[in-house]
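Remarks on the structure that follows.
The values are calculated or read from the model by the stated rules, or taken from the named source; none is laboratory data. These numbers were taken from a predicted model, which means no experiment stands behind them. Note that we place each Cβ from the backbone using ideal geometry, even for glycine, and neighbour counts take in every protein chain shown.
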């Protein structure tokens, strides 16, 4: 199932104290489900409550007992490495570990999804919008598939060198692309901010550095955009390509938010007719 990423106003604010209390509650709940025997501890003493004691979790994790108590009380924060040690002590499975890290504000890198699996998952979605140019993207914004409408409007991505077949370069790396597009700069700046956030989440992935180096050579302005570390969700935008008005969305699978479909939906009847004319005039492209 897929859902468009849009920015909605919050009905309430979540404070750091709220997050600390939620993390503490999760730690207490997990601690209560671990038997001493599960972690190699003798279970001889009478226990008022089930599970491990705080000091036992602290000892297994290599942290101080008082500090761990403060963590459960929401009075201190923990680094990702320390929370990893605590998660191992509590024998957390992968979903529980990710949830705990999320409560603490830490991102957990997903293993890279094989491109063919992403294509299989995303292609039916793209084909359901035959008159809306669409690209399937991996976590690096590299293009892994496209539909005929995209190829008809922008050209066949298979004709572009693989190292340049990435969203930001397609939009900004060639002068012809941005000269055709009214509303180009706000769109590319917003996508650059998204890309920067992903690069920060995956510091050990060299592909992000390679894409940035490519863009820096082709688009010097991106250096100043890159220095701005603002983080925001991508919101729908409107651009006009060769006079065709398009609403631009980033659609993400709920089960893999690192993948996405970059969708450009014609706004009006005349815009849909213009895309249909391009598709009918072009030979089908298979990505």
Would you pick out the residues in segment 62-104 that are in a helix (DSSP H, G or I), crowded, with 17+ Cβ neighbours inside 10 Å and more than 30 Å from the chain's Cα centre (by Cα)? 68
Restricted to segment 26-61, and to residues that are free of Cβ contacts under 8 Å to residues at least 12 places away in the same chain and within 36 Å of the chain's Cα centre (by Cα), which residue is farthest from residue 102 (Cα to Cα)? 59
Inside segment 258-272, the number of residues satisfying the requirement of being assigned to a loop (DSSP other than H, G, I, E, B), over 16 Å from residue 187 (Cβ atoms) and over 22 Å from the mean Cα position of the chain (by Cα) is 1
In segment 155-174, residues that are in contact (Cβ under 8 Å) with a residue 60 or more places away in the chain and surrounded by fewer than 21 Cβ atoms within 10 Å (Cβ to Cβ) total 3
Is it true that some residue in segment 124-131 is at pLDDT 80 or above, surrounded by fewer than 16 Cβ atoms within 10 Å (Cβ to Cβ) and touching a strand residue (DSSP E or B) at 6+ places or on another chain (Cβ under 9 Å)? no
May I ask you to list the residues in segment 175-197 that are more than 18 Å from the chain's Cα centre (by Cα) and without any contact (Cβ under 8 Å) to a residue 40 or more places away in the chain? 175, 176, 177, 178, 179, 185
